[in-house]
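The values are calculated or read from the model by the stated rules, or taken from the named source; none is laboratory data. The structure presented is a predicted model; accordingly, all values stated were derived computationally and were not measured. Cβ atoms come from the backbone with ideal geometry, glycine included; neighbour counts cover every protein chain shown.
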Ligand code: PMP
């Protein structure tokens with residue numbers, strides 16, 4: 001389509017009476033710029049980020065965003081770490097730096113992974129700008145347009161966005177309250193010939209569920225037998241406030257040469273740092289380094305230096321204990337109040353950690369349609385439907401319990417109850 005624009009300045013003299021000194025009026029034909037790439041046109045904006053924009057009013061009790069409790073950020077410890085980085089080594093901290101990441105930060109992170117049962121050296125890691133960037137780098141390194149990626153149903157939304165932008169086809173693997181079903185996985189692997197399986201095995205976003213050890217072993221075994229990559233995304237594993245930790249899939253036999261573990265400081269320290277890491281077998285890690293060179297050269301040098309200092313000197317164990325205790329109280333406040341707030345016949349889980357509870361309302365409710373009525377009462381949740389790859393469960397919703405203190409949670413639940421009662425089933 002060609003558009004014609006009249007570029008004549010509004011102050012130009014009329015052509016009938018030209019001024020001898022003024023330039024002649026210009027009439028130009030212009031064409032619109034080319035359309036956006038198809039991959040962008042076919043990928044929607046994240047409904048979670050859109051809802052976050054709607055609920056930014058301070059009076060809203062938001063169960064929507066996965067926003068860590070801001071009053072628990074160790075701002076004094078981080079201020080000291082940034083001051084140290086800038087005072088002691090400003091020339092290094094403010095300079096360009098290697099794409100792989102700050103060597104001290106990588107060593108420190110590797111030590112923490114080894115301490116949690118996965119022997120790791122700094123050379124196994126690539127520092128990323130949030131674990132979200134790890135997902136994008138993996139898509140660049142591993143996916144051709146049209147490739148199949150297997151995902152949990154429901155699945156972390158921004159991962160679906162990454163796969164969609166890569167032109168991949170996300171295929172859901174069914175599961176139950178414990179997560180993905182390994183028998184169904186094997187069947188779908190044989191049928192779809194996927195390149196990779198993406199999953200969040202601990203305190204999953206959006207459901208809060210955790211994959212038991214025997215299923216993790218089975219996932220590693222299926223991946224080894226059929227030859228596919230496993231991307232194990234674990235931003236929430238350290239937020240366990242009850243029960244026993246379950247080993248990473250990366251720890252099981254068969255997983256060594258095909259599992260990528262993504263980690264993040266977002267939920268344990270602060271999301272604004274935008275610091276994550278990727279642990280991958282050598283060839284794939286090098287491919288991700290290449291992709292990162294093109295994406296952003298490297299993650300912020302000063303942020304990495306401050307984080308390395310913070311992890312070395314701060315009492316992270318004490319900080320995590322405080323966060324876990326607060327989150328357990330908040331989980332209890334939310335879960336114990338859901339019986340009153342949700343319509344009769346609703347169901348929900350009680351996760352042993354993380355940030356999210358998943359609830360399902362009785363048939364007849366549509367949580368997407370109900371949201372505007374509920375938000376008018378100054379409370380918000382995320383409807384479950386956008387997290388589904390296949391036919392969505394429109395009665396489902398994700399509720400985050402971490403952002404508000406228990407008393408605010410109880411007030412939010414009273415508002416939610418009134419809002420849902422007004423909507424009806
Ligand atoms: N993976 C999952 C499952 C998440 O829930 C999130 C954040 N909500 C991320 C990755 C991205 O986290 P970040 O980039 O802050 O590390």
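Values computed for the structure shown
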read-out	value
Identity of the residue in the range 403-413, modelled with pLDDT of 95 or more and either farther than 18 Å from residue 57 by Cα or out of contact with any helix residue (DSSP H, G or I) (no Cβ under 7 Å at 6 or more places or on another chain) (or both), that ends up surrounded by the fewest Cβ atoms within 10 Å (Cβ to Cβ)	407
Residues located in the range 133-147, provided they are over 17 Å from residue 282 (Cα atoms) and either away from the ligand (no atom under 16 Å from the Cβ) or assigned to a loop (DSSP other than H, G, I, E, B) (or both)	143, 144, 145, 146, 147
Count - residues of the range 40-83 that are part of a loop (DSSP other than H, G, I, E, B), in contact with a strand residue (DSSP E or B) (Cβ under 9 Å, 6 or more places away or on another chain) and surrounded by 12 or more Cβ atoms within 10 Å (Cβ to Cβ)	7
Scope the range 247-289; condition farther than 18 Å from residue 140 by Cβ, in a loop (DSSP other than H, G, I, E, B) and within 16 Å of the ligand (Cβ to nearest atom); matching residues	248, 265, 266, 267, 268, 269, 270, 274, 275
Test: residue in the range 308-315 that is over 30 Å from residue 127 (Cα atoms) and touching a helix residue (DSSP H, G or I) at 6+ places or on another chain (Cβ under 6 Å)	no
Options 74, 50: the member that is within 16 Å of the ligand (Cβ to nearest atom) and either under 30 Å from residue 167 (Cα atoms) or under 24 Å from the mean Cα position of the chain (by Cα) (or both)	50
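A quick yes/no check of all residues on (1) within 15 Å of the ligand (Cβ to nearest atom); (2) assigned to a loop (DSSP other than H, G, I, E, B); (3) in contact with a strand residue (DSSP E or B) (Cβ under 9 Å, 6 or more places away or on another chain); (4) assigned by TED's automatic domain parsing to the domain that holds residue 388:
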position	(1), (2), (3), (4)
167	no, yes, no, no
172	no, no, yes, no
194	no, yes, yes, no
207	yes, yes, yes, no
230	yes, no, yes, no
242	no, yes, yes, no
